[in-house]
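Everything below concerns the one structure shown next.
The values are calculated or read from the model by the stated rules, or taken from the named source; none is laboratory data. This is a predicted model, so every value here is computed, not measured. Cβ atoms come from the backbone with ideal geometry, glycine included; neighbour counts cover every protein chain shown.
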Amino acid sequence: MRNSQPETPVSSIGDRLPGPESGASVAQLFESMRPDLLRFAHWLARDRATAEDIVQESLLRAWRSRDALKDPGSARAWLFTIVRREHARLYERKRLELVSIDDVAEIQAAPRLAEPDGELFALRHAIVRLPIEYREPLVLQVLGGFSTEEIARELALSSTAVLTRLFRARNKLRVICGMTPAPDAGGSEGAP
């Protein structure tokens, strides 16, 4: 069953439950995180409807155990963990269709295209070719949706270092993809 307002699954719960102001602030915190959680769940599940279900169930689980959240500053990581685990639970319950080995062997023997996904395949290949110090912040920002400050905390770097690595990662991707790199505004001292 879907809510009438899919953008605010927690607000209706918070409005109905009696209690101190802390419940309302937790509901607002969860609701403010919903777009990020939905984007992450969509990236995991590759399906919008499934992602919405995952986020809905995750927010309900988080609401039920909201007393376990001691520090609102760690709510983002806590909620992302709940979404990731809820996505895993989805596949624990799912029964996959059995396929004949003979059918799989025939499919694998068929000639494949040079580039299975075109531009997406090329971009993924280019990202994998990046050095780890540039790949990590780029993946955290683009796929994880983390802010510069969160990436800096996660990688034990300064915000300036994270911004520099993101800039250099994008420039390296441009070069790998055959494009011209963006000009470096700060000069080229210490450029790799």
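Figures for the structure shown
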{"item": "Helices (runs of 4 or more DSSP H) lying entirely in the range 19-94 (those with 2 or more residues that are touching a helix residue (DSSP H, G or I) at 6+ places or on another chain (Cβ under 6 Å), at pLDDT below 90 and in the same structural domain as Glu154 (by TED's automatic domain parsing))", "result": "none"}
{"item": "Residue in the range 154-164 that is within 16 Å of the chain's Cα centre (by Cα), part of a helix (DSSP H, G or I) and surrounded by fewer than 18 Cβ atoms within 10 Å (Cβ to Cβ) present", "result": "yes"}
{"item": "Residue list for the range 121-157, filter: among the β-branched types (Val, Ile, Thr) and touching a Leu at 6+ places or on another chain (Cβ under 8 Å)", "result": "Ile127, Thr148, Ile151"}
{"item": "Failed criterion for Pro9 (all others in (1) at pLDDT 90 or above; (2) in a loop (DSSP other than H, G, I, E, B); (3) not aromatic (Phe, Trp, Tyr) hold)", "result": "(1)"}
